[in-house]
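Okay, structure first, notes after.
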Amino acid sequence: MSAHSLLHAATLERLEPGRLLVLGFSGGPDSAATLHALHAAGWPLLAAHLDHGLRPESAGEAQAAAAVAAACGVGFASQRVDVAALAAANGQTIEEAAREARYVFLFGLAHEHGAQAVVVAHNADDQAETILMHLLRGAGPQGLQGMPDVWLPNPWSERVALVRPLLGSSRSDVLAYCEAHELAVLHDQSNEDQMFFRNKVRHELLPRMEQFAPGVKGRLVQTGELLAAEEVVLRATAEDAWRRSLAAAGPGYVGLQRSALQAEPLALQRRVLQRAARLLRLQGAELSFALVEQARDALHGEAGPYDWFDGLVILAEGERLWLAERSAQLPALWPQTPQDDQHLETPAAVPLGKGWILRLDESEARVGVAADVYETWLDAERTGGELTLRRPRPGDRMALAQGSQKLSDVFINAKLPQRARAAWPLLCKGDEVVWAPGLRLAHGYAAKAGQPALHARVIKNDQ
């Protein structure tokens, strides 16, 4: 078998000839065949070996891997990491910690040496195993397409691609290539350890499935290819949904427009939420179904914040669904009163933050007009020119036609976001709350048609 037939040409055509590749190199058959084939095809390489420190013989294997690379005239780099300690410290399985440590190491080298891509030696059998593992753990179309042959951007880099040129070749093809070219290969005993989930799938589950349905590995790979092609279309559609739904993004938070996202089909709602999670956490790309549905429940519900995952919270707030760090400073979308009380002279123009402003002018009352909830005409004689702008206080009430109502109940009934309440602007006469903009005018303060009035408005500066 030739190097050309082993490597997937369409994958390599997406790379720039002559630019360095960092190859994840264990010294096993897959990486040895990849190293040999890429080197024979003229690609400049840096073989990179990570010693996971899980077995006594691992240090010797690192030396053997260095010798193989040297025999090919390929540059070599290695590092030892205590993967077991990383797994314990981060609450991960050994498999998860080893994978993350490996890619951090490889992409660190790629950035250091200006490489265009990190190459790993996953083959078609690995792809079938991955798709089956994702199915068993629960996955949608994105997970069931398996591993992409070229991944950019990826969780480790915005500019260095992760490339898998062996996905079109089976494990038997790889072994045949190694034998044909008399390659010296190492055999990692951890690949036989059934403590690891992948090894159980490889050595137990897939052989049994092959007995029931011969050729199942090929069909799993074919399923992944079909879904990968459809993913291209879905991704473009989801991009449009993202643009329609995104309302704000900043340090530690993403805000989504609830009505816009609620109007999207279910599949696109889930994809938008997954993308928001990826902006906040790299591992958001692998959100479980339960976590996505928790976010969807909040999308159609109220209040919060609710704990989500990895220190993130979900907050449903009016027209916004916030996905955020608990400590993130979320934007205030409403008017907020300065700390100190302010006696108002007419005319008045008081900034209320975030582009909001309170205006107070003398005006003849207008009634029977569908006014904005942030606009009212006050009886000038009743107010007596003694209006104060202030924040809510404990015990505040608002007059009704019969009796009064707690201001806190006014807030609750109007579903005013919790964050907005402490500094919500109030126009008051003495201790009486005259007007809570956007919410309610106290009974007895509305001006009658044609009488002298105070025209009060809370507006954006550009209005």
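Summarising the amide proton neighbourhood of Leu21: residues at separation of 5 or more, or on other chains, whose placed amide H is nearer than 5 Å comprise Leu45, Leu46.
Relative contact order of segment 1-91: what whole-number percent is it, with Cα pairs under 8 angstrom and at least 6 residues apart? It rounds to 27 percent for segment 1-91.
Amide H to amide H, with H built 1.01 Å from N, Glu317 comes under 5 Å of Trp322, counting only residues 5 or more places away or on other chains. Would you mind telling me the antiparallel percentage of the DSSP bridges in the chain, rounded to 5? Here the share of antiparallel DSSP bridges comes out near 75 percent.
A Stokes-Einstein calculation at 20 °C with viscosity 1.002 mPa s, built on the Kirkwood radius of segment 251-394 over Cα pairs, returns a diffusion coefficient of 116 µm²/s.
For segment 92-210, which semi-axes, largest first and in whole Å, follow from the square roots of 5 times the eigenvalues of its Cα gyration tensor?
Details: eigenvalues 114, 80, 47 Å².
Each semi-axis is √(5λ); the values are 24, 20, 15 Å.
Per residue, segment 128-207 exposes 50 Å² of accessible surface when a 1.4 Å probe is rolled over the protein heavy atoms with every protein chain present.
The eigenvalues of the Cα gyration tensor, multiplied by 5 and square-rooted, give segment 1-55 an equivalent ellipsoid with semi-axes of 22, 14, 9 Å from largest to smallest.
Remark: segment 310-318, residue by residue, has Karplus-estimated 3J(HN,Hα) of 6, x, 8, 10, 10, 9, 8, 9, x Hz, where x stands for each Gly or Pro and the curve is 6.51 cos²θ - 1.76 cosθ + 1.60 at θ = phi - 60°.
Summary of packing: across the peptides 163-170, 251-258, the per-residue average of other C-beta atoms within 10 Å ranks them, highest first, as 163-170, 251-258. Per-residue Karplus couplings for segment 444-455, computed as 6.51 cos²θ - 1.76 cosθ + 1.60 with θ equal to phi - 60°, are listed in order as x, 9, 6, 6, 9, 4, x, 8, x, 9, 10, 8 Hz, Gly and Pro entered as x. To the nearest ten degrees, helix 216-245 and the longest principal axis of the Cα atoms of the chain are 30 degrees apart.
Here segment 125-174 is treated as a Stokes sphere of Kirkwood radius computed over C-alpha pairs; at 37 °C and 0.692 mPa s its diffusion coefficient rounds to 273 µm²/s. Peptides 395-405, 443-453, 322-332 ordered by packing proxy, namely the average of other Cβ atoms within 10 Å per residue, highest first: 322-332, 443-453, 395-405. Normalising the average separation of contacting C-alpha pairs (under 8 angstrom, six or more residues apart) by the number of residues puts the relative contact order of segment 124-208 at 28 percent. Taking the 1.4 Å solvent-accessible surface of the chain as the whole, the part contributed by carbon and sulfur is 53%. Taking Cα atoms, how many degrees apart are the long axis of helix 266-280 and the longest axis of the chain, rounded to 10 and kept between 0 and 90? Tilt relative to the chain: about 80 degrees.
A simple count of charges around Trp334, restricted to other residues whose Cβ falls under 12 Å of its Cβ and scoring Lys, Arg +1 and Asp, Glu -1, yields +3. So if I take the centroid of the Cα atoms in segment 221-245 and the same for segment 76-95, what is the distance between those two points in Å? Rounded to whole Å, the Cα centres lie 33 Å apart. Taking all Cα pairs closer than 8 Å and separated by 6 or more residues, the relative contact order of segment 156-274 comes to 12 percent. Calculated from the alpha-carbon coordinates, the chain shows an Rg and a Dmax of 31.8, 102 Å respectively. Along its first, second and third principal axes, ordered by size, segment 32-168 spans 44, 35, 28 Å in Cα coordinates. Packing here is the average count of other Cβ atoms within 10 Å per residue, and on that basis the peptides 314-320, 108-114, highest first, run 314-320, 108-114.
The values are calculated or read from the model by the stated rules, or taken from the named source; none is laboratory data. Everything numeric in this text was worked out from a predicted model, so none of it was measured. Don't worry about glycine lacking a Cβ; one is built from the backbone with ideal geometry, like all the others, and counts go over all protein chains shown. Accessible surface areas use protein heavy atoms only, side chains included; no ligands, DNA or RNA. Shrake-Rupley method; radii C 1.70, N 1.55, O 1.52, S 1.80 Å.
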